[in-house]
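Enquirer: Before I ask anything, let me first share the structure, which is written out below as structure tokens.
The values are calculated or read from the model by the stated rules, or taken from the named source; none is laboratory data. Given the structure is predicted, the values throughout are model-derived calculations rather than measurements. Here the Cβ positions follow ideal geometry from the backbone for every residue, glycine too, while neighbour counts run over all protein chains shown. When the accessible area is computed, the model is the full protein with side chains, heavy atoms only, and any ligands, DNA or RNA have been set aside. Shrake-Rupley method; radii C 1.70, N 1.55, O 1.52, S 1.80 Å.
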Amino acid sequence: MGGHMAKNLVKAGKDVVVYDVNDTSVQDLKSSGAGACATPSELAACSDVIVTMVPSSPHIQEVFTGSNGLLKSLKPGTLCIDSSTIDPTVSKDIDSAVRAAGAHFYDAPVSGGVVAAENGMLTFMVGGDADKFDEVKSYLDHMGANVIHCGANGNGLVVKLCNNMMLAISMIGAAETLNMGIKMGMERKLLSEILGKSTARCWSIDTYNPVPGVMEGVPASRDYEGGFGSTLMLKDLGLAELMANGSDSPIVLGEMAKQIYDELCKDDKFAPKDFGLFLRS
């Protein structure tokens with residue numbers, strides 16, 4: 001995701017420098033025209049706008065507050081945009097630390113998947129002060145088709161976790177339904193086409209279909225590689241559960257979805273695969 005986003009900034013003519021613990025990713029971006037830094041601290045020292053995207057809360061804490069973190073060299077006035085999907089309370093803590101350094105912080109998680117990231121068609125859900133939103137949007141517009149201000153810091157993550165809980169539930173429902181129809185003799189493409197034009201229509205049916213051989217360019221067409229990993233979906237469902245518990249919100253189906261992904265991720269063969277994996281597993 002982050003690699004495609006960075007490439008779109010390069011294509012837009014931005015002067016991009018990158019850091020990643022994965023040197024293969026860094027080399028790929030360097031071949032696309034980006035520069036590279038050895039640490040987050042080094043990157044902060046030469047940047048006026050910083051976009052971060054990492055898997056989980058501990059990672060973003062290390063990126064900002066670690067021994068070679070961004071806060072070591074963050075310049076006053078720097079615009080920090082975090083597109084990670086993390087605990088909203090952690091995002092608020094990072095926001096406070098960045099403010100104390102005289103800089104600005106926005107949570108801006110994304111939706112749309114790897115294909116949308118590659119094509120610059122992501123949706124960004126942005127939380128943070130309204131006064132700098134237009135500047136934030138001017139950068140995110142190069143990576144997404146929709147950039148929406150959700151209110152105060154942390155609100156973008158609230159929306160993202162609501163989205164991903166709904167997505168997990170709908171993907172499970174789509175996979176179960178498609179599997180049943182195919183086993184009853186329906187041709188997979190025809191079944192998907194009909195469902196995509198009926199009241200069962202959803203993104204998991206008409207855009208990111210989990211059945212191999214129905215759509216080109218989606219993870220199901222390449223052995224569920226290169227998509228949104230099941231472990232990441234499980235992580236997001238855990239964050240949604242924490243959010244639900246903290247707000248006294250019942251999530252019966254959300255908890256069931258978490259249990260299903262938890263069971264799926266116990267198998268090392270399936271855990272790294274795309275979250276639409278059910279028809280194979």
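Enquirer: For the structure I just gave you, tell me whether residue 56 is farther than 21 Å from residue 108 by Cα and among the polar types (S, T, N, Q). Write out each step before concluding.
Expert: Details: farther than 21 Å from residue 108 by Cα: no; among the polar types (S, T, N, Q): yes.
Against the criterion (farther than 21 Å from residue 108 by Cα and among the polar types (S, T, N, Q)), residue 56 does not qualify.
Enquirer: State which residue is nearest to the chain's Cα centre (by Cα) when the search covers only region 118-150 and only residues that are among the aliphatic types (A, V, I, L, M), farther than 14 Å from residue 4 by Cβ and open to solvent by less than 40 Å² (accessible area, probe 1.4 Å).
Expert: Within region 118-150, the match that is nearest to the chain's Cα centre (by Cα) is 125.
Enquirer: I've got another one for you. Of the conditions (1) more than 21 Å from the chain's Cα centre (by Cα); (2) touching a residue at least 60 places away in the same chain (Cβ under 8 Å), residue 5 clears all except one; give me its number.
Expert: Unmet condition: (1).
Enquirer: Something else about it: Within region 98-108, can one find any residue that is under 20 Å from residue 275 (Cα atoms) and touching a Ser or Thr at 6+ places or on another chain (Cβ under 7 Å)?
Expert: No; the residues of region 98-108 include none that is under 20 Å from residue 275 (Cα atoms) and touching a Ser or Thr at 6+ places or on another chain (Cβ under 7 Å).
Enquirer: Which members of region 6-25 meet the condition of being outside any helix (DSSP H, G or I) and either out of contact with any His (no Cβ under 6 Å at 6 or more places or on another chain) or among the β-branched types (Val, Ile, Thr) (or both)? Spell out the reasoning first.
Expert: Within region 6-25, the first condition is being outside any helix (DSSP H, G or I), and the residues that meet it are 12-22.
Across region 6-25, the qualifying residues are 13, 14, 15, 16, 17, 18, 19, 20, 21, 22.
Enquirer: Have a look at 168, 175 and point out the one that is at pLDDT 95 or above and over 16 Å from the mean Cα position of the chain (by Cα).
Expert: Numbers: 168 fails: over 16 Å from the mean Cα position of the chain (by Cα).
It is 175.
Enquirer: Looking only at region 112-148, how many residues end up being β-branched (Val, Ile, Thr) and within 16 Å of residue 77 (Cα to Cα)?
Expert: Filtering region 112-148 for residues β-branched (Val, Ile, Thr) gives 114-115, 123, 126, 136, 147-148.
After this cut, where a residue has to be within 16 Å of residue 77 (Cα to Cα) as well, the list is 136.
Number of matching residues: 1.
Enquirer: Being open to solvent by 20 Å² or more (accessible area, probe 1.4 Å) and within 28 Å of residue 240 (Cα to Cα) is the filter here, so list the residues in region 72-87 that pass it.
Expert: 87
Enquirer: While we're looking at this one, here's another question. Which ones in region 104-119 are of a type in the set (Gly, Ala, Ser) and modelled with pLDDT of 95 or more? Lay out the reasoning, then the answer.
Expert: Restricting attention to region 104-119, the residues satisfying the condition of being of a type in the set (Gly, Ala, Ser) are 108, 111-113, 116-117.
Hit for region 104-119 is 108, nothing else.
Enquirer: What are the residues in region 42-59 that are surrounded by 14 or more Cβ atoms within 10 Å (Cβ to Cβ) and over 25 Å from residue 157 (Cβ atoms), if any? Before the answer, list the steps.
Expert: Here is the first cut: in region 42-59, the ones surrounded by 14 or more Cβ atoms within 10 Å (Cβ to Cβ) are 42-45, 47, 49-57, 59.
Hits for region 42-59 are 42, 45.
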